Each structure stands twice: as C-alpha cells, then as structure tokens.
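There's a structure below that I have some questions on.
The values are calculated or read from the model by the stated rules, or taken from the named source; none is laboratory data. Note that the structure is predicted; figures quoted are calculated from it, not measured. Quick reminder, even Gly has a Cβ in these numbers, built from the backbone with ideal geometry, and neighbours come from all protein chains shown.
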Amino acid sequence: MTASHYDYTQTIAGLNQAIQYRGKSKNLSVQLSRVLHRNADQKTGLNGEIYRRASRNFIDNTEIDVQRRETAGWKLGLSHQHYIGNATLDARVTYQQGMRWFGAQPAPEEYRNEGTALPKITQFSATLAGPLTLFSQPFSYQTQYLRQISASPLTPQDRFSIGGRWTVRGFDGELTLSADRGWYSRNELDWQIPLKGQSLYLAMDYGEVGGRDSDALLGKHLAGSALVLQP
C-alpha cells in the first residue's frame, strides 16, 4: 500500500498585485504482485494495482472547478526480466482502466467529449542495458523504448508527453508535446574515461505523439541529445 499527500504554493506577479496559486493532491494505491516463473536467467511476474487520486487547485482562496480531479481505477501489468550474456532485458506491458469507485467523479472534459476519467490505456516498455568494450575502453549502454496506446480521449493528467529530462532530453520540460498516444526511444552511452571517478555520458533521444487534436500542436516529433561529464 502506498499513500501520499502533497501541497504546493506558487506566487505569480500580477498586474496590480501578487496572485497566489496553490494546490493539493492525495493518492492512495494498493498493489499486489506474484512471480509466475523464475530461473537462473529470467523472471516473469504479474502485478495489479487499485488506486484513487484526488487533486484541487486554487487561485488565492477561489477553487478552480475545472481543475478538480477525483479518479479511481485499476492497473494490471506483466513484466519480464531476462539476462542475455552480460546484458539485461526488462520488458513490461500495463493496462489501465478508470472506474467510478470510491467517490470518483466525471472529468470536466467529459461534458465536451474532450477527455474522460474512465481511460483505457495500454503501455509497453522495454529496456536493454549492459557493458561493452570499444577501442580497449570500458563503456556501458542503455536503450529504452516506451509506447502508449489509447482509444479514449484523455485528460491532461493521462496524456503522453515528451520533452524533458525523463522523456526526450535536451528540453527543459516547460514546453512539451502532449497527446493521447505516442512513443519515445532513449539511448545512452557512458564512457568510463581514464580520469579517476569521471565518466562521459552521451544521450540521443527521439519521440512522437499522435491522436485526437494532435494536428493542432506545434509539432508531433522531438529529437534531443545531451553530452555530460559527470563524477
């Protein structure tokens, strides 16, 4: 079981006076998992989750009604880990279904058919990582793929977003591309350089979004990279 409560406050400079924007959220989830198969080289597991989430936002002391969220639902996932020589492959598929449980309320977008608090979302991810040697130098690599599919019109909280540290790097995350479905690929190469305790890190990422209203976005594709010297 996991429970969290989060409050935040942001003060924005207004034309005549400062405006206080604040919000609070509560999350509660219960998870169960079971190992279906295990041997020396691989492991397969099944996991389930029931969740409830609630959030409210205010400008000064006035609630922003269209941003109130009370949602609930369940998730079911299948995971597989496989050791292939020195490399490790992790794959996962997850299905999410929103429900009207525990006092969950319709999303404001439902009245305009622009979103739903009863999403049906499928996500697939795979990560391959391991060491390698190039030109007698020690390197490590990791490549990750994530795809989201949904036939439901989604609210902003459930849409697939790219452009930031955890999706397509090279962007600050302030402006993102977001839509009902999409995918990205993250690729990293890490060189343990001869300087003690130093490594040179190269990342190259690419992602796309699509689905309802995506033609109105500034674009549907992002490519980014990063080069970092880190201790």
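Considering only the stretch 44-71, state which residues are farther than 14 Å from Tyr21 by Cα and either among the small types (Gly, Ala, Ser) or loosely packed, with under 13 Cβ neighbours inside 10 Å (or both).
Gly45, Gly48, Ala54, Val66
Quick check: is even one residue across the stretch 1-12 assigned to a strand (DSSP E or B), in contact (Cβ under 8 Å) with a residue 12 or more places away in the chain and closer than 29 Å to Ala126 by Cβ? Walk me through how you get there before you give the answer.
Our first condition is that a residue be assigned to a strand (DSSP E or B); within the stretch 1-12, this holds for 2-12.
From what's left, in contact (Cβ under 8 Å) with a residue 12 or more places away in the chain: 2-10.
Now restrict to residues that are closer than 29 Å to Ala126 by Cβ: 2, 4.
There is at least one residue in the stretch 1-12 that is assigned to a strand (DSSP E or B), in contact (Cβ under 8 Å) with a residue 12 or more places away in the chain and closer than 29 Å to Ala126 by Cβ.
If I ask for residues that are closer than 30 Å to Ile193 by Cα and part of a loop (DSSP other than H, G, I, E, B), which ones from the stretch 113-138 would you list? Don't jump to the end; show me each part of the working.
To start, the set of residues in the stretch 113-138 that are closer than 30 Å to Ile193 by Cα comprises 126-138.
If the condition is that a residue be closer than 30 Å to Ile193 by Cα and part of a loop (DSSP other than H, G, I, E, B), then Phe135, Ser136 are the ones that fit.
Sticking with this structure for a sec: Output the number of residues of the stretch 60-98 satisfying the condition of being touching a Pro at 6+ places or on another chain (Cβ under 9 Å), assigned to a strand (DSSP E or B) and over 29 Å from Pro119 (Cα atoms).
1
Sticking with this structure for a sec: Does the stretch 190-198 contain any residue that is over 28 Å from Pro119 (Cβ atoms) and at pLDDT 90 or above? Reasoning before the result, please.
Going through the stretch 190-198, the residues over 28 Å from Pro119 (Cβ atoms) turn out to be 190-198.
From what is left, the residues that are at pLDDT 90 or above are 190-191.
The answer is yes, given that some residue of the stretch 190-198 is over 28 Å from Pro119 (Cβ atoms) and at pLDDT 90 or above.
Could you please let me know if Thr116 is hydroxyl-bearing (Ser, Thr, Tyr), within 30 Å of Ser185 (Cα to Cα) and assigned by TED's automatic domain parsing to the domain that holds Ser199? Even if it seems obvious, please write down each step before you answer.
Details: hydroxyl-bearing (Ser, Thr, Tyr): yes; within 30 Å of Ser185 (Cα to Cα): yes; assigned by TED's automatic domain parsing to the domain that holds Ser199: no.
Criteria not met by Thr116.
Which of the numbered conditions does Ser29 fail, given that it passes all the others? Conditions: (1) more than 22 Å from Thr116 (Cβ to Cβ); (2) surrounded by 15 or more Cβ atoms within 10 Å (Cβ to Cβ); (3) of a type outside the set (Lys, Arg).
(1)
Ok, one more. Only one residue in Ala3, Ala40, Ala18, Ala87 is aliphatic (A, V, I, L, M), over 18 Å from the mean Cα position of the chain (by Cα), outside the structural domain of Ser152 (by TED's automatic domain parsing) and over 30 Å from Gln144 (Cα atoms), so which one is that? Spell out the reasoning first.
Numbers: Ala3 fails: over 30 Å from Gln144 (Cα atoms); Ala40 fails: over 30 Å from Gln144 (Cα atoms); Ala87 fails: over 30 Å from Gln144 (Cα atoms).
It is Ala18.
Right, here's the next one. Against the definition (of a type outside the set (A, V, I, L, M), more than 21 Å from Ser125 (Cβ to Cβ) and not in a strand (DSSP E or B)), how does Asn16 come out, yes or no?
yes
Further question on the same structure: Quick one: is Asp180 more than 19 Å from the chain's Cα centre (by Cα) and under 30 Å from Leu118 (Cβ atoms)?
no
So Glu110 clears everything in (1) outside the structural domain of His37 (by TED's automatic domain parsing); (2) touching a residue at least 12 places away in the same chain (Cβ under 8 Å); (3) not in a strand (DSSP E or B) except one condition, right? Which one?
Checking Glu110 against (1) outside the structural domain of His37 (by TED's automatic domain parsing); (2) touching a residue at least 12 places away in the same chain (Cβ under 8 Å); (3) not in a strand (DSSP E or B), the one that fails is (2).
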